[in-house]
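Since the structure comes first, as structure tokens, the remarks are kept for the end.
The values are calculated or read from the model by the stated rules, or taken from the named source; none is laboratory data. Nothing here was measured: the structure is a model prediction, and the numbers come from that model. Counting neighbours? That spans all protein chains shown, and the Cβs are built from the backbone with ideal geometry, glycine included.
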């Protein structure tokens, strides 16, 4: 193995020759050939440790502990070294070569290796202390790695793991809904108690099948618990079927008051999501002990959908204390109070909300005729600190993978490195990524607290000429197009969702093919959607088609873009008479409800970034059936202000905030 000293690369360096040499070397390693001929060109190359790690990984069983230690010492804390060490340790653990394992193992957060280390300790004649060695793992809310099984065997044989501890963890698994935890531990129970755990696991995995067997279960506490779980989980998809099963089991199980309340709450909740006629009464009649945040929330939504303002206010009053702090419920409370002609109570709520930069804050500002409050912060570049991040912390490897077009590897390196940085370093890294055009990394890095005010980095004006042109060609507002991209992919160009949607605007291949055929755009395979130009050209046309279905209304088209037009048509058929903000509150899908609010808020921010002011959110919310046209540059827009400390008290003085500059401006 060749050893080179790490150097300090620059992100923007011209590395064409090195990249070619790296690819040749990588190919040589994969073909099990010598790559050293390329080594002279790669002395200063950021991905040199990747080559060395892969060479060692190809002959893992022959790598001696001292060789591995030398490599890890040369590249301390580098991801290739961390991953190679884990692979080597797992290989030695599989072979039970515990002396070698312990010579290299360093205690850390890796759960799998931690259990192997405990196994190695036992193999050497040592013992385990429950509190020091196992308690933290035992209390985690996720299944234990398979490597923990021998350690648990020892703990059980030596009376450290008893039946009470097993049931404590099984019950926790049931509470958080993880059948894997239950299934893993059930075999460890005494013979007479295994069946009870198996019933709980079955209720979590397949509630309908479990309920078919429930009549043969004993009427004891754990069997009733399993039946309650199965009934409440079945109710999510089939409330009528769950109620029929409850009726069939009513004479078999003697439900406690708490169990009856839990079942009633589940049935009421899932009736509510279908807006059944009796949903509001069911929710209102629930005993206080049976109510949950979900039932209280849906009591409000059902009342709003029925335009029953008195019932809505009662439901808002019944929300939990933490729920009442939410901007959504504060806004809806103000709206309901106005509906009840109690403006004196509503207006102070709206005035406070108008100082917040979110969908409901923007709506509140519209109701009170105030400017939008957006307080932007700027990130000051620190070139010396950035260079230290690139060299000392390995960010250069992330940028180099990106330059090679290897997005997955680039993100793995980035995420690993970012996890090791202090908050100030994270912000510098995010700004560096932004200035290098790696926008999604900046978006994800700046995601909490005061960092949300770095609007320039979090809402980049990437691909502006193309997005303006594509939006103009399809009759869309560029700010809305930007908002959809930001909400869909956060600028990850090679994003692929679990639903098989691709690219910046998250298009399904079937949708892309249909749109491409109608528009005469070249498209042959799903991977074409990873190309931003193609994705935006097809995505804006599809978004325009959604808008055309709803007279141009951005809020309805956004809902259809997320949930599909079939769902939106169904909701409109049931509640299309509602005012748009109340309709949004009644959208049954949490994901879509939050998506629409997010897109509309992002539209305000992007409009401000593009034009210095922003179209009112209210203007983007035409009633269902009303015509809407995308605003031009000369459309009336609202001022953006950042209230000063004095204004926060006086509520009427503010300073105008300029939109952050576009990248490169």
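Summary of computed values
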quantity	calculated
Verdict on residue 648 being modelled with pLDDT under 95, over 19 Å from residue 472 (Cβ atoms) and part of a helix (DSSP H, G or I)	yes
Hey, residue 112 touching a residue at least 12 places away in the same chain (Cβ under 8 Å) and not assigned by TED's automatic domain parsing to the domain that holds residue 179 or not	yes
Helices (runs of 4 or more DSSP H) within the range 203-304 that include 2 or more residues in contact with a helix residue (DSSP H, G or I) (Cβ under 6 Å, 6 or more places away or on another chain) and within 30 Å of residue 322 (Cα to Cα)	221-237, 257-272, 279-285
Residue within the range 195-207 that is farther than 15 Å from residue 170 by Cβ and not assigned by TED's automatic domain parsing to the domain that holds residue 149 present	yes
Filter result for residue 77 (closer than 28 Å to residue 401 by Cα and exposed (fewer than 15 other Cβ atoms within 10 Å of the Cβ))	yes
Helices (runs of 4 or more DSSP H) wholly inside the range 70-185 that include at least 1 residues being modelled with pLDDT of 95 or more, within 30 Å of residue 204 (Cβ to Cβ) and touching a helix residue (DSSP H, G or I) at 6+ places or on another chain (Cβ under 7 Å)	111-123, 135-138, 149-157, 163-175, 179-185
Yes/no for residue 622 being outside the structural domain of residue 277 (by TED's automatic domain parsing), under 29 Å from the mean Cα position of the chain (by Cα) and at pLDDT 95 or above	no
Failed item in (1) closer than 30 Å to residue 412 by Cα; (2) crowded, with 20+ Cβ neighbours inside 10 Å; (3) out of contact with any helix residue (DSSP H, G or I) (no Cβ under 7 Å at 6 or more places or on another chain), with residue 498 passing the rest	(2)
Residue match in the range 483-492 (condition: crowded, with 21+ Cβ neighbours inside 10 Å, assigned by TED's automatic domain parsing to the domain that holds residue 642 and touching a strand residue (DSSP E or B) at 6+ places or on another chain (Cβ under 8 Å))	no
Number of the exception - residue 38 against (1) over 23 Å from residue 387 (Cα atoms); (2) modelled with pLDDT of 80 or more; (3) part of a loop (DSSP other than H, G, I, E, B)	(3)
